[in-house]
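Structure, as structure tokens:
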Amino acid sequence: MENITKETRRESYQAVLPTLTVRQKTVLQILKDCGDMTAQEIAAELQRRGITPTDERNFSAPRLTELADEGLVRAVGKKYCGKTGRKVTVWSAVNE
């Protein structure tokens, strides 16, 4: 039964990938490349890669919500953000 569930989940994952926007794909790739990150850390990486003009977290946070709704990323913890001093969500790409 577990193999059927994994197979179904993988098929679903593959079906969703072509429907993602460029920014969604980029955020997902950053998580795959860099490992677990916060929205702010992803925004900083988007800027570092020359994709966005600033490290404003609003470049990544909405995409994380959308990717989570599609089951492609998930919240895996919390940590303090060095920029805001607040506890924030740590995100991880779902391995498929």
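Tabulated results
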| read-out | value |
| --- | --- |
| Computed lengthening from residue 80 to residue 95, 0.36 nm per intervening residue step minus Cα-Cα distance | 2.9 nm |
| Positive minus negative residues near residue 40 (Lys, Arg vs Asp, Glu; Cβ under 14 Å) | +3 |
| Cβ-defined net charge surrounding residue 87, 10 Å radius [Lys, Arg +1; Asp, Glu -1] | +3 |
| Label-point separation, residue 65 to residue 22 (7 Å along Cα→Cβ), nm | 2.3 |
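Values quoted throughout were computed directly from the atomic coordinates according to the rules given, and no laboratory measurement underlies them. Source: prediction; values computed, not measured. Glycine also receives a Cβ, built like all others from the backbone with ideal geometry; neighbour counts cover every protein chain displayed.
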